[in-house]
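Report on the structure given below.
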Amino acid sequence: MANDLMFQEEIKGSVRQAYSAIATGGGEAVARRVYTDDELAEVPAGAVGWSLSVGNPVRYAFLRQGETVLDVGSGGGIDTILAARRVGPEGRVGLDILEEMCERGRRHAAEAGVEDWTEFVRGEMEDIPLPDESIDVVISNGVLNLSARKSRALAEMFRLLRPGGRICLADLTVEGELPPEVASDQSAWAG
């Protein structure tokens, strides 16, 4: 594509392919690095098993009863379920690029008993299929780094926020320059 200066479509394809091929998440060992025993007790074992978390945005988002939360890159649903428990049955939305992950999140939400106020929507973080100013809090855990257009993804998150809304992200960062062979490696973008 002539206008695809950052090879965005190739990167998105690599991310989809990499995450579609994952047979399971990081498991309990990964989840235990960032969640307390009490937090893990709130979610089904399947959601814990699918954890690919790098942080715990729910803990630091200071969620309140009645808020509407968007979990960008909801994956297996661990953060969506934790958020749903904190804000109650007024409505939650999880967003993932893969329908398989949305289905997995729905199953885990049903198992956790929060399915009546939890929704999983398939979409891309650079073009979120939700209306302007419809969200109180955006959370995201280890996902923004997968975008080739991080500024676009952040702009989308801000577009969704109601006045006074907030964003709480946990993600990976790199300090300094990446070697060209890493910076141009599609598997590095997806991993």
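Where a number appears in this text, it was derived from the coordinates with a stated rule and is not lab data. Everything quoted here is computed from the prediction, not taken from an experiment. Glycine also receives a Cβ, built like all others from the backbone with ideal geometry; neighbour counts cover every protein chain displayed.
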About its Cα centre, how strong a charge dipole does segment 88-160 have in debye, to the nearest 20, once Lys and Arg get +1 and Asp and Glu get -1 at the Cβ? 320 debye
State to the nearest 20 debye the size of the charge dipole of segment 8-185 about its Cα centre, where the only charges are +1 on K and R beta carbons and -1 on D and E beta carbons. 280 debye
At Ala41 and Ala155, where each label point lies 7 Å from the Cα along Cα→Cβ, what is the point-to-point distance in nanometres? 4.6 nm
State to the nearest 20 debye the size of the charge dipole of segment 61-114 about its Cα centre, where the only charges are +1 on K and R beta carbons and -1 on D and E beta carbons. 240 debye
Which residues qualify? For Ala170, with a placed amide H closer than 5 Å and at least 5 residues away or on another chain, they are Ser140, Asn141, Gly142
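Asp132 to Glu103: extension gain in nm, 0.36 nm per residue of separation minus the Cα-Cα distance?
Stretched fully, the Asp132-Glu103 segment lengthens by 7.9 nm.
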Evaluate the relative contact order of segment 8-185 (contact order divided by residue number), counting alpha-carbon pairs under 8 angstrom at least 6 apart; express in whole percent. 22 percent
Once phi is turned into θ = phi - 60°, what whole-Hz ³J(HN,Hα) does the Karplus curve with 6.51, -1.76 and 1.60 give for every residue of segment 56-70, x standing for Gly and Pro? 9, x, 4, 4, 9, 7, 6, 5, 10, 3, x, 6, 9, 10, 10
